[in-house]
Structure formats: C-alpha cells, structure tokens
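J.: Just dropping this structure here.
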Amino acid sequence: MALFAISDLHLALTSDKPMDIFGAQWENHPNKIMENWLKKVKDEDTILIAGDISWSMNIQEGMEDLEWIHKLPGRKIICKGNHDYWWSSISKLNKLYDDMRFVQNNYYAYEEYAICGSRGWSLFSSQSEHDKKIISREKIRLKLSLDAAVKDGFEKIIVMMHYPPVNENFQESIFTEVFNNYPVEKVIYGHLHGKSLSNIFEGVHNGVEYIMTSCDYIDFDPLKIL
C-alpha cells in the first residue's frame, strides 16, 4: 500500500469555472488528473487531498464532483480548502462513501501514521482582526485533530493543511509551533497557484518535512509520499 497526495483539484463538473487564468496548463485539467491517477494509484493505496476540491457552492451541486473522485481508485482522505463552500456537516460527509474520509477535528490512520489536519488560513505578515480570529480557530481545530491521534497512541503523524503553514517570508507561525510540539513528520499543503509557485516553502525544517501539492505544481500528477 502506498500513500499519495494532491490538492486543489478545483473540479467544476456542474458549473463553468475555468482555471486557465492561472496558466494554459490548467486546460482540461480533470482529464490530466484522472489519467495520471489511474496510472499509479491502486485500490489498496491511500491518497490525501488537501483542499479546494470543488467550486460548487453547496453539497447538492458538489455531489457530481465528489462522485468523480469516488470512482477513482484508492482510499481518499480529504481536508477543507478555502473554496470548498459545499462542505457540510462532517458526520454527513463521512457517511457518503466508504472510500472517502473527511478530516475536521479528527484523524484517520494510515499504517503506523495518523493523518491529521485542518484548513489553516492566510498568514500574510499583515493580518486583520478577522484573520487573527480565524487563525486562532484553525489552531484549535488542528490541535483537536493532533490530540485525538496522540491520545490513541500514534507516534508518527502526517498533517494536511490547505493553506501554507508559513507567511510570505517563510517565518515560523502559530501552526509550525504546533507541529513542533507533536510527533509530526510531514506536512502537505496547497492553495498556491501561478506566480506564487516560484517561491514556496518546502524541505525539512525543525525535523518536519513540508511538501507542496497544488495540482499545477506537481503537474496534475499525484505525488507519492510513502
């Protein structure tokens, strides 16, 4: 069994929401994702999807996009992105499909690892009071997820976030401080596209490996993590 990761699928099977404003590489991007996914992901594998799944505004619209993901091989573990307005009650989401699990204040196991996470939020060095409140709330959600895994005895953790866990200057953040207090080995994240991909936070920092998984950064090809 292998572990893969990808983020920012930005599916719009029931609406017209082109992504080519971020570059010509986004043309027919669902077909690119499917083709690459089918080449490497098997039914026994697990794939982490770090947010921005669908442009749909509610769960009724989003079901076709979720069904598209469901039909692809592998077990999927999903966290919320900033565009996932379709995201409904976590208990309802987790009842939709046997092969799809949604992370919110909880975790899921992959072999000896716990898969934890939260959406996160923009960490630009200039933050409004509104931003600070959301960041504080996301920290709480992240800790709830991590605490649940540690309580159950997990000593190896992989974190999924949608937003980058640092600001534009790659400074330590409220989120990286949390990671350093838990047995977090890897953090995968997305959100960035276009010109933003020329300057990203990757590699090992304070013993934690940071991995960028936006579709256009990994050429719409699921990235093997383990």
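Values quoted throughout were computed directly from the atomic coordinates according to the rules given, and no laboratory measurement underlies them. Treat the numbers as computed from the prediction; the structure is a model and nothing was measured. Note that we place each Cβ from the backbone using ideal geometry, even for glycine, and neighbour counts take in every protein chain shown.
J.: May I have the count of lysine pairs in segment 117-226 with C-alpha atoms under 18 Å apart, counting pairs 8 or more residues apart or located on different chains?
T.: 10
J.: Scan the chain and note any complete DSSP helix (H) whose C-alpha atoms cover at least 20 Å along its axis and whose Kyte-Doolittle average is -1.0 or more. Intermediate results must be reported in sequence, preceding the final value.
T.: Numbers: long enough: 129-151 (33 Å, -0.63).
Qualifying helices: 129-151.
J.: How about segment 44-137: which GluC sites (Glu not before Pro) there are in a DSSP loop, with at most 10 other Cβ atoms within 10 Å of their Cβ? Working shown, then result.
T.: Details: sites: Glu44, Glu61, Glu64, Glu67, Glu111, Glu112, Glu129; in loops: Glu44, Glu111, Glu112.
Answer by residue number: Glu44, Glu111, Glu112.
J.: For a Förster distance of 45 Å, can you work out the FRET efficiency between the beta-carbons of Phe124 and Ser91, rounded to the nearest 0.05?
T.: So, using R0 = 45 Å, E works out to roughly 0.85.
J.: Turning to a different aspect of this structure: So if each residue of separation counts as 0.36 nm, and I subtract the Cα-Cα distance between Ile140 and Met34, what length gain in nm does that give?
T.: Additional length available on full extension: 34.7 nm.
J.: Shifting gears a bit: So what's the back-of-envelope 222 nm ellipticity for the chain, counting only DSSP H runs of four-plus at -39500 (n - 2.57) apiece and dividing by all residues, rounded to 500? The partial results should precede the final answer.
T.: Details: 5 runs with 57 residues, N = 226.
Computed ellipticity for the chain at 222 nm equals -7500 deg cm²/dmol.
J.: Tell me, Met1, Met34, Met212 in order of fewest to most beta-carbon neighbours within 10 Å?
T.: Ordered by Cβ neighbours within 10 Å, fewest first: Met1, Met34, Met212.
J.: What is the gain in length, in nm to one decimal, between Val204 and Ser15 on full extension, counting 0.36 nm per residue of separation less the C-alpha to C-alpha distance?
T.: My answer for the length gained is 64.1 nm.
J.: Using θ = phi - 60° and the Karplus relation 6.51 cos²θ - 1.76 cosθ + 1.60, list the HN-Hα couplings for segment 184-196 in order, rounded to whole Hz, with x at every Gly or Pro.
T.: So the Karplus estimates, Gly and Pro as x, are 7, 9, 9, 10, 10, 8, x, 6, 7, 9, x, 4, 5 Hz.
J.: So, one more: Using a 7 Å offset from the Cα along the Cα-to-Cβ direction at both His70 and Asp43, what is the distance between the two label points in nm, to one decimal?
T.: Placing both labels 7 Å along Cα→Cβ, they lie 1.7 nm apart.
J.: If you don't mind, there's one more thing I want to ask. Taking neighbour counts of Cβ atoms within 10 Å as a proxy for exposure, in what order, fewest first, do Asp8, Asp131, Asp219 appear?
T.: Least crowded to most crowded, the residues run Asp219, Asp131, Asp8.
J.: Points 7 angstrom from Cα along the Cβ direction at Lys132 and Asn82: gap in nanometres?
T.: 2.0
J.: Arranged from highest to lowest average of other beta-carbon atoms within 10 Å per residue, in what order do the peptides 166-174, 144-152 appear? Please report the intermediate quantities before stating the final value.
T.: Numbers: 166-174: 14.4, 144-152: 17.1.
Ranking the peptides 166-174, 144-152 by packing returns 144-152, 166-174.
J.: Tell me, in nm to one decimal, what length is gained between Asn181 and Ala109 on full extension, where the rule is 0.36 nm per residue of separation less the Cα-Cα distance? Walk me through the intermediate numbers first.
T.: On the way: separation 72, 0.36 × 72 = 25.92 nm, distance 1.97 nm.
Gain in length upon complete extension: 23.9 nm.
J.: At a 10 angstrom cut-off on C-beta neighbours, averaged per residue, how do the peptides 73-82, 19-28 rank from highest to lowest?
T.: 73-82, 19-28
J.: Next question. Please get the size of the charge dipole for segment 159-224, origin at its Cα centre, with Cβ charges of +1 on Lys and Arg and -1 on Asp and Glu, quoted in debye to the nearest 20.
T.: Details: 3 positive and 9 negative charges, 12 e Å.
Magnitude of the dipole: close to 60 debye.
J.: Now a separate question. What percent does the relative contact order of segment 80-226 come to when contacts are Cα pairs within less than 8 Å and at least six residues apart?
T.: Reported as a whole number, the value is 19 percent.
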